[in-house]
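Below is one structure, written out as structure tokens; the observations come after it.
The values are calculated or read from the model by the stated rules, or taken from the named source; none is laboratory data. Model, not experiment: these values are computed from the prediction. All Cβ positions, glycine included, derive from the backbone under ideal geometry; neighbour counts span all protein chains shown. Heads up: the accessible areas ignore ligands, DNA and RNA and are worked out on the full protein's heavy atoms, side chains in. Shrake-Rupley method; radii C 1.70, N 1.55, O 1.52, S 1.80 Å.
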Amino acid sequence: MSYKFSTGSIRRGDIYYEDDRAGDATFIDFDQDTITLRPSASAILYAEATKVGIATTAPSEALHVAGNLKVAGDDPRVKIDGDTDSHPGLELYENGTRKWIVYNNYVNDNLTFKTNSDIRLSIEQDGNVGIANQSPKTALDVHHNP
């Protein structure tokens, strides 16, 4: 492991790790106001003031995940892997208040969409879709409350 420090009025440095394999070095690049993790010299994680890029050094959102168009099947994805009997999912908040939650309901393995605590949409593994109904009996099962 080595540390490279630049001199002058701007202090920047890099941490390098050289292994015994042939190929490019793995290092952490500390640039001006950014940090980049570079295994085999490829930028995989890039952080700047308010944005993080995965497989991109030009994130356009708070979290930007990019794919490699040169590699077939390298579609950008985010994997959320929960334990058995958990509800892995995404929660969307506005000003600290949860507005939406999309999750796997382990009770029935449905993909469930909720607002606050009300189930609005449920998709079963077999493809049946329930609107305001978490146990759809047909391809589209709409529950209507008069």
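Stretched out straight at 0.36 nm per residue, the stretch from Ala58 to Asp81 would grow longer than its current Cα-Cα span by 5.6 nm.
In a fully extended conformation the segment linking Glu91 and Asp33 would gain 17.9 nm over its present Cα-Cα distance, using 0.36 nm per residue. Just check segment 32-88 against the gyration tensor rule for me: Cα atoms, a ≥ b ≥ c as the square roots of the eigenvalues, rounded for a/c under 1.5, and otherwise prolate or oblate depending on whether a/b exceeds b/c. Verdict is oblate for segment 32-88. Counting only protein heavy atoms and a probe of 1.4 Å, the accessible surface of segment 59-132 is 49% carbon and sulfur.
Note on Ser135/Asp74: beta-carbon distance plugged into 1/(1 + (r/R0)^6) with R0 of 35 Å gives a FRET efficiency of 0.40.
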